[in-house]
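The values are calculated or read from the model by the stated rules, or taken from the named source; none is laboratory data. Bear in mind that the values here come from a model prediction, so they are computed numbers and not experimental data. Here Cβ is always computed from backbone atoms with ideal geometry, including for glycine, and neighbour counts include all displayed protein chains.
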Amino acid sequence: MREAYERLWLNTPSADLFQQPGTFHFYQELLSNHLLDSLVHFSVLRLNGQSIAWHFGFLHRKVLHWYKPTYDVEFRDLSPGKVLLAELVQLGISSNWREIDLGCGTEPYKYDWTSSERKLRKWYWNAKTLRGAACRWVRLLAGRRSHFN
């Protein structure tokens, strides 16, 4: 999955995700520690025994969170990502999932699966420290400034 992800996202800011110190190890630990308790959901689509698409996500309260999908660019013409998503929709129906959350972003393929959207909301956790107060002020000032531009 790692190599396919890097090839798919080559020349984009996402390409070096797994190159960041500790990131690949973090994902490995998530898989090791939470795959069996069903918090982490990892799927692989194979064609003639060869892995061609992967999804690393989370399953919580019967909602699959579509988080890190990728596919082998050599199979791009077969739409392996869409095929994998279709398989996950079928699995979700048979497993009584409530939904598959495709996450933020307006990628066109997402609208092939739904005609509705949810508004995103921002939530902040304010620390009761001097640093927390400074962060609140920076956020407040940045928000005000953006309204005047």
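Candidates are the residues of the stretch 54-88 that are over 18 Å from Phe24 (Cα atoms) and small (Gly, Ala, Ser); the one that is nearest to the chain's Cα centre (by Cα) is Gly81. Contact annotation: residue pairs with Cβ atoms under 6 Å, 6 or more positions apart or on different chains, pairing a residue in the stretch 101-120 that is under 22 Å from Glu87 (Cβ atoms) with a partner that is surrounded by 10 or more Cβ atoms within 10 Å (Cβ to Cβ) and of a type in the set (D, E, K, R), are Leu102/Lys110.
Scoring Cys104 on the criteria (1) surrounded by 14 or more Cβ atoms within 10 Å (Cβ to Cβ); (2) under 14 Å from the mean Cα position of the chain (by Cα) leaves a single failure, condition (1).
Go through the residues of the stretch 53-70 one by one and say whether even a single one is in contact (Cβ under 8 Å) with a residue 60 or more places away in the chain, of a type in the set (Ser, Thr, Tyr), in a helix (DSSP H, G or I) and crowded, with 17+ Cβ neighbours inside 10 Å.
Scanning the stretch 53-70 turns up no residue that is in contact (Cβ under 8 Å) with a residue 60 or more places away in the chain, of a type in the set (Ser, Thr, Tyr), in a helix (DSSP H, G or I) and crowded, with 17+ Cβ neighbours inside 10 Å.
For the stretch 118-139, a residue qualifies if it is surrounded by 11 or more Cβ atoms within 10 Å (Cβ to Cβ), of a type outside the set (A, V, I, L, M) and either within 19 Å of the chain's Cα centre (by Cα) or at pLDDT below 75 (or both), and exactly one does: Arg139.
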